[in-house]
């Protein structure tokens, strides 16, 4: 037999219905749940990456247009896409969320360096989650193949006899 995370895959040790139920339970309760959690976590990281990219673009725009020295008019999202007018008196400094509810005041250049490092970390983390998701999908496929083998199901559709219309 083969082995999938905590689940011995031996076809001869259990009665037929019990094997099927254990495989289906493992598939639905463990593997699919693990996959859903990993994909949700990865989606949160993708959203975080998008926010950091947007902030980086805003900072670069301020620098390229030399807007650091003049008050800046902008709109701020208060939540649920509800925007209000805002005036930034000193756009040469910016507060950036560094995690756990903490904000650090950076110069624009410092903020860009921080954002670059944070995006590299987030990308590395999302890549690791993608690899984990691929492993779980492989385990799901193995369990499905095991179920097919136990139930002696052929995954190919039955061939329907056909008549060659050109003969």
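Taking the criterion of being without any contact (Cβ under 8 Å) to a residue 60 or more places away in the chain and under 18 Å from the mean Cα position of the chain (by Cα), the residues of segment 98-150 that qualify are 120, 121, 124, 127, 128, 131, 134, 135, 138.
Tell me, please, whether a residue that is loosely packed, with under 12 Cβ neighbours inside 10 Å, more than 30 Å from residue 39 (Cβ to Cβ) and at pLDDT 90 or above can be found in segment 126-141. Taking every residue of segment 126-141 in turn, none turns out to be loosely packed, with under 12 Cβ neighbours inside 10 Å, more than 30 Å from residue 39 (Cβ to Cβ) and at pLDDT 90 or above.
Suppose the filter is part of a helix (DSSP H, G or I) and either at positive phi or modelled with pLDDT of 90 or more (or both); does residue 86 pass it? No: the conditions fail for residue 86.
Quick check: anything in segment 98-107 at pLDDT 90 or above, surrounded by 10 or more Cβ atoms within 10 Å (Cβ to Cβ) and not in a strand (DSSP E or B)? No, segment 98-107 contains no residue that is at pLDDT 90 or above, surrounded by 10 or more Cβ atoms within 10 Å (Cβ to Cβ) and not in a strand (DSSP E or B). For segment 59-75, the tally of residues that are exposed (fewer than 12 other Cβ atoms within 10 Å of the Cβ) and either under 20 Å from residue 114 (Cα atoms) or touching a helix residue (DSSP H, G or I) at 6+ places or on another chain (Cβ under 7 Å) (or both) stands at 2. Here residue 76 meets the list (1) in a strand (DSSP E or B); (2) within 31 Å of the chain's Cα centre (by Cα); (3) modelled with pLDDT of 95 or more almost entirely, failing just condition (3). Of all the residues in segment 79-97, those that are surrounded by 10 or more Cβ atoms within 10 Å (Cβ to Cβ) and free of Cβ contacts under 8 Å to residues at least 24 places away in the same chain number 7.
The values are calculated or read from the model by the stated rules, or taken from the named source; none is laboratory data. The structure displayed is predicted, hence computed values, not measured ones. As a convention, Cβ positions derive from the backbone with ideal geometry for all residues, glycine included, and neighbour counts pool all protein chains shown.
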